[in-house]
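Below is one structure; the comments refer to it alone.
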Amino acid sequence: MFRYLAPAFIMAACAGQAVALCPGTDVPGAPLLPAVTAVEFYNAAVPAKPLKAVATTETDRMQVTGGVVGKGSLTLNLTLSSEVAAGCELSFSLFDAATPINGQRQTATEQVFPAINVHRNYLRVMSNGTNKVQVTLPVGIRLGNSAIHRHRIGLSSLRVNQTPETPQTFEFRNNPIQIKEIRRISPTAASVRDGDRVEMAVYLQEPLDVATYEYDLLPSLSSEYRSNSLRVEFTISPSDAAYLLPRETRSYVYFRPEFADGSSRTGLMIDVPEAPASKELKKKTETPLALPGRLTLPKSDQTPTTITITAQLSTYFSGPGGQTLTLQIPVN
């Protein structure tokens, strides 16, 4: 199993038995770090028949849906070149398939695996006394269309500038999360008027894994941390007829399925423009004074009869992707 543990140590056996040394330590006589000689995917459907790390056909390819409960992670069965004493900590590193292994950050890999980022750039796994180890990796959210991800894994030293002996390649298909529905929660069907608050709920086709909530990445060494968590992009038409709550919010909200039905909810405040009382009044309407740092939108000539809300999933790195859904709200 995949665990985060204390630094590597020397494992003492039960009283009266010999002390087993863990590889890669500075203790005299400690064995050298083994190499990864083979990688396979754990097959939950038929555990005795793991899937190949690099499939020759699409039907044999490992499939995941990053960010979805029960489908958002993959487990690697790793074979090492030698047995490792039980209880030893082994440190594995992941690498881009096409990037040289030269100690630089592996940006493509960090975007795919939420467990690997600038805070923790290696995986800690406990050995079980054999030359077999399992590593479970959560997979990041993908939108729009599926993609084949290709990476490498190797057993590495924690010493500065050390790289693994021969990292092994594995690839899999990451399928996109899809939006299912946008719905009014309250009021459910009545027409609205200026000053009303509407609660909206957005649903996904499959439940979101809470492990993907706080998925922060550092785009470059000179950039700030940016959240790559799932969010919902909203557009409102007419643009001056309503706004998301709170009023200072952007055009998107982070997807947080905090309710039993798995929905993520947000408030919408109706702020419909009033139609001019007469043509004479309309002619005398003055252009509002633009305030510094604030965008002033022109008011419509007449009160809208319908407000249209659209919703689409997005992340910081991928931007909006996939299906766009529409909700219409009648105005009284």
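Hey, got the Cα dimensions of the range 21-68 along the principal axes, in Å, largest first?
49, 26, 18
Taking Cα pairs under 8 Å and at least six residues apart, what relative contact order does the range 130-200 come out at, in percent?
29
Read-outs: derived from the displayed coordinates by stated rules, not from any lab. Small disclaimer: the values here were computed from a predicted structure and weren't measured.
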